[in-house]
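FYI, it's all coordinate maths here, none of it is from the lab. Please read these numbers as outputs of a predicted model, since none were measured by experiment. Using ideal geometry, Cβ is built from the backbone for each residue, glycine included, and neighbour counts are taken over all protein chains shown.
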Amino acid sequence: MRVDYERMNSFFADYTANISKGGTFIKTERPLPIGTRCLFSFSLPALSEPLQLEGEVSWILPPETARERGENPGMGVRFLFSERAAQREFEDLVERMMEQSLGEEVAQGLLER
């Protein structure tokens, strides 16, 4: 999924292959510093309009470390919600997406962990 974000008048477009109720890992050669808060815009197949979520960089995997490990560089982003209702709405969306892509039985098994 494509994710767009802005920091200090610089615009970025990167990709994520996974999204969970709590956050996502964004593959990027230019991870933002830990603690950076941004508005992230996700283009999700289940939605006609991009989903905008506030998030905070909680960890990074710099390019040089990623290369040593044979992994993708990037940053882990924790989603932030100002209201519990908005968080629950997003969690419901993630559950529906999991059910559509994995099937109800597999999705429920993963969600119960």
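Expressed as an acute angle from 0 to 90° and rounded to the nearest 10, what is the orientation of the C-alpha long axis of helix 84-102 relative to the principal long axis of the chain? Once rounded, one gets 80 degrees. Could you tell me which label, among (i) 48; (ii) 41; (iii) 69, carries the value of percent of Cα pairs over 19 Å apart calculated for this structure? Recomputing percent of Cα pairs over 19 Å apart here gives the entry labelled (i).
Positive end of the dipole of the chain (Cβ unit charges, origin at the Cα centre): among Ala13, Ala85, Gln52, the Cα lying farthest that way belongs to Ala13.
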